[in-house]
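All remarks here apply to the structure that follows.
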Amino acid sequence: MAENPVILVVDDNEIQRGMMKARLLKKEYEVIEASSGSDALKIIDSSKIDLVLLDLNMPGIDGHEVLDEVRKTFTSIQLPIIMVTAEEDPDTIISSFEKGANDYILKQISFKIALQRINTQLKLKVLAEESAKSQKIEAINAMIVTYNHEINNPLAIAYGNLGSDFSKFDETKFNRTLQALERIKDLVAKIQTLDASDVEYSSYTSKSKMLKIS
């Protein structure tokens, strides 16, 4: 996330949109404005946005329609969306959450409360990003251990046998070499087709893990 998070304020009411922008700028956020749902979708598609304040009731494409469209591409972790409306209807609020909204702010609440909710969602986004980076690093380290253990062992067998005296054919060594090379081939094929969501780990040492490849 950028040093100053970028917030997209979506509201067809120019005065309310301007007031929210002015308050957020004072808190050192970067702010982008959208006066309609269609404009919001274009901006989200072309810009790096950290959080969206989305007005529910707008002419044309309303907030729920924007929410539906955004969630086809971004998860609630990747792009937090806070719905903003004057309505207090429980069914509307529930519908927003079911469609993937992160939170719900009533227009009449104080800016301090709204700011706390904005900050909470941005902090959760940062934590999720840091967790994802940590998981990627763990996967890379496990991949290195896997290569070192699962591939180097059969490779050593193959090299050892290839260095033997071939003036005398040894069927046992030949078969061991062939099996070792086949094992390497299978391991490389499995690693290449691994899906990050399906990765399983097994303990290698007390301080390291390796990929579990059956």
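The values are calculated or read from the model by the stated rules, or taken from the named source; none is laboratory data. Quantities reported herein were computed from a predicted structural model and do not represent experimental measurements. Note that each Cβ is placed from the backbone with ideal geometry, even for glycine, and that neighbours are counted across all protein chains shown.
One line per residue, one yes/no per condition, for (1) more than 18 Å from the chain's Cα centre (by Cα); (2) of a type in the set (S, T, N, Q):
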| residue | (1), (2) |
| --- | --- |
| GLY37 | yes, no |
| ILE43 | yes, no |
| VAL52 | no, no |
| ILE82 | yes, no |
| THR85 | yes, yes |
| SER95 | yes, yes |
| GLN108 | yes, yes |
| PHE111 | yes, no |
| LEU124 | no, no |
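Can you tell me how many residues in segment 111-138 are among the hydroxyl-bearing types (Ser, Thr, Tyr) and at pLDDT below 90? Looking only at that region, the number is 2. Here LYS27 meets each of (1) surrounded by fewer than 18 Cβ atoms within 10 Å (Cβ to Cβ); (2) touching a Leu at 6+ places or on another chain (Cβ under 7 Å); (3) without any contact (Cβ under 8 Å) to a residue 40 or more places away in the chain with one exception, condition (3). The sole residue among PRO80, PRO90 that is surrounded by fewer than 16 Cβ atoms within 10 Å (Cβ to Cβ), in the same structural domain as ILE15 (by TED's automatic domain parsing) and not aliphatic (A, V, I, L, M) is PRO90. Can you find a residue in segment 93-103 that is surrounded by fewer than 16 Cβ atoms within 10 Å (Cβ to Cβ), at pLDDT below 90 and either on the phi > 0 side of the Ramachandran plot or of a type outside the set (Phe, Trp, Tyr) (or both)? No, the conditions are met nowhere in segment 93-103.
Counting residues in segment 94-104 that are touching a residue at least 12 places away in the same chain (Cβ under 8 Å), part of a loop (DSSP other than H, G, I, E, B) and more than 16 Å from ILE49 (Cβ to Cβ) gives one or more. Among the numbered conditions (1) surrounded by 16 or more Cβ atoms within 10 Å (Cβ to Cβ); (2) at pLDDT below 95; (3) over 17 Å from the mean Cα position of the chain (by Cα), the only one that ILE32 does not meet is (2). For segment 106-121, which positions are in contact (Cβ under 8 Å) with a residue 40 or more places away in the chain and surrounded by fewer than 17 Cβ atoms within 10 Å (Cβ to Cβ)? Those that are in contact (Cβ under 8 Å) with a residue 40 or more places away in the chain and surrounded by fewer than 17 Cβ atoms within 10 Å (Cβ to Cβ): LYS107, PHE111, LEU115. So for segment 4-13 (the condition being over 17 Å from SER96 (Cα atoms), of a type in the set (Asp, Glu) and out of contact with any Gly (no Cβ under 9 Å at 6 or more places or on another chain)), does at least one residue qualify? Looking for residues that are over 17 Å from SER96 (Cα atoms), of a type in the set (Asp, Glu) and out of contact with any Gly (no Cβ under 9 Å at 6 or more places or on another chain), one finds none in segment 4-13, hence no. One residue alone among GLN78, GLN108 is in contact with a Lys or Arg (Cβ under 9 Å, 6 or more places away or on another chain) and in a loop (DSSP other than H, G, I, E, B), and that residue is GLN78.
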